[in-house]
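Presented below is the structure to which this report refers.
The values are calculated or read from the model by the stated rules, or taken from the named source; none is laboratory data. This is a predicted model, so every value here is computed, not measured. Heads up, the Cβs are rebuilt from the backbone with ideal geometry, glycines too, and the neighbour counts pull from every protein chain shown. Accessible surface is based on the protein model in full, side chains and every heavy atom, while ligands, DNA and RNA are left aside. Shrake-Rupley method; radii C 1.70, N 1.55, O 1.52, S 1.80 Å.
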Amino acid sequence: MTETQAAVAADAATGLRPHDELKALAEAGAAELAWDASAKDVIAWVAKNFATGAAAVACSMADAVLPALVADQLPGVDVLFLDTGYHFPETYATRNAVAENLRVNVVDVLPEHTVAQQDSLLGKNLFARDPAQCCALRKVEPLHRTLQGYELWFTGVRRDEAPTRTNTPLVVWDEKNGLVKVNPVATWSYEELIGYSEDNLLPVNPLLSQGYPSIGCAPCTNKVAPGADPRSGRWAGTSKTECGLHV
């Protein structure tokens with residue numbers, strides 16, 4: 001059986017549409033939506049073309065803007081929280097607030113091994129010795145595995161976050177994960193994100209107001225100086241700029 005035949009067979013078994021059909025949908029959405037289309041319009045396009053159960057929202061629990069926006073048009077949508085085992089207590093508290101207060105279903109996405117098991121297998125503090133491998137094991141692989149049950153995923157990636165994200169599309173085919181990827185707030189600024197959160201009384205990670213505009217795992221996230229690149233506190237002192245989820 002070829003790789004394509006295997007993918008078709010897997011899609012049939014799960015009830016998901018074939019990759020060719022989903023890829024064509026992604027291309028149609030990218031053509032239909034303007035480069036600066038509103039988040040509401042982007043999500044409306046998804047709601048018109050995808051069932052709620054076929055979509056998932058990836059959320060780092062820095063804020064609840066993306067889950068709230070999607071839930072307005074796809075109530076009950078799955079929100080994927082990558083529980084790496086290394087999060088700040090404030091991040092776990094935000095995760096719980098999102099689950100309790102929004103019309104979403106929070107799904108904890110877990111790595112194959114606990115932190116203790118990983119330490120036993122690969123040595124302690126892998127994040128310090130090889131952050132790329134640690135991210136691959138605790139974020140990239142678990143998310144890839146989980147996304148196989150969906151046709152589309154939403155992310156909160158914004159074009160203003162870093163030079164590597166300047167050309168983020170609103171809708172694109174995610175070849176690596178084999179589904180449609182949608183970035184509804186790509187055009188938003190950090191100030192717009194915070195303003196929307198405050199205006200709508202959404203759960204927010206208190207670390208955002210304490211010098212952490214981009215929040216990841218506690219061992220790999222530092223405070224950011226005022227006016228500095230919002231993601232400069234991630235893996236500070238290394239050449240690493242992305243965890244691998246969006247590259």
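Numbers below:
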| read-out | value |
| --- | --- |
| Condition met for ALA62 (modelled with pLDDT under 95, of a type outside the set (Lys, Arg) and closer than 21 Å to CYS135 by Cα) | yes |
| Scan of region 87-133 for residues that are surrounded by fewer than 16 Cβ atoms within 10 Å (Cβ to Cβ) and hydroxyl-bearing (Ser, Thr, Tyr), ordered by number | TYR92, THR114, SER120 |
| Search result, residues across region 43-70 that are among the β-branched types (Val, Ile, Thr) and in a helix (DSSP H, G or I) | ILE43, VAL46, THR52, VAL65, VAL70 |
| All positions within region 87-117 that are assigned to a helix (DSSP H, G or I) and over 20 Å from THR221 (Cα atoms) | ASN96, ALA97, VAL98, ALA99, GLU100, ASN101, ALA116, GLN117 |
| Sole exception among (1) modelled with pLDDT of 90 or more; (2) hydroxyl-bearing (Ser, Thr, Tyr); (3) out of contact with any Asp or Glu (no Cβ under 9 Å at 6 or more places or on another chain) for SER189, by number | (3) |
| Residues being more than 20 Å from ARG159 (Cα to Cα) and polar (S, T, N, Q) - total across region 196-220 | 4 |
| When residues of region 71-86 are limited to those that are of a type in the set (Gly, Ala, Ser) and either assigned to a helix (DSSP H, G or I) or within 18 Å of CYS134 (Cβ to Cβ) (or both), the one most open to solvent (accessible area, probe 1.4 Å) | GLY85 |
| Residue within region 121-138 that is out of contact with any Lys or Arg (no Cβ under 6 Å at 6 or more places or on another chain), within 29 Å of HIS19 (Cα to Cα) and assigned to a loop (DSSP other than H, G, I, E, B) present | no |
| Options GLU141, GLU192, GLU161; residue that is under 16 Å from VAL65 (Cβ atoms), out of contact with any strand residue (DSSP E or B) (no Cβ under 9 Å at 6 or more places or on another chain) and not in a loop (DSSP other than H, G, I, E, B) | GLU192 |
| Number of positions in region 89-146 that are in contact (Cβ under 8 Å) with a residue 24 or more places away in the chain and among the polar types (S, T, N, Q) | 7 |
| Odd one out for CYS59 among (1) open to solvent by 10 Å² or more (accessible area, probe 1.4 Å); (2) out of contact with any helix residue (DSSP H, G or I) (no Cβ under 8 Å at 6 or more places or on another chain); (3) not charged (D, E, K, R) | (2) |
| Condition broken by LYS40, with the remaining ones in (1) surrounded by fewer than 16 Cβ atoms within 10 Å (Cβ to Cβ); (2) in a loop (DSSP other than H, G, I, E, B); (3) in contact with a helix residue (DSSP H, G or I) (Cβ under 9 Å, 6 or more places away or on another chain) satisfied | (2) |
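Matching residues to (1) farther than 17 Å from VAL42 by Cα; (2) open to solvent by less than 40 Å² (accessible area, probe 1.4 Å); (3) among the acidic types (Asp, Glu); (4) in contact (Cβ under 8 Å) with a residue 12 or more places away in the chain:
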{"position": "THR155", "(1), (2), (3), (4)": "no, yes, no, yes"}
{"position": "THR164", "(1), (2), (3), (4)": "yes, no, no, yes"}
{"position": "GLU175", "(1), (2), (3), (4)": "yes, no, yes, no"}
{"position": "GLY178", "(1), (2), (3), (4)": "yes, yes, no, yes"}
{"position": "VAL182", "(1), (2), (3), (4)": "no, yes, no, yes"}
{"position": "GLY195", "(1), (2), (3), (4)": "yes, yes, no, no"}
{"position": "GLU198", "(1), (2), (3), (4)": "yes, no, yes, no"}
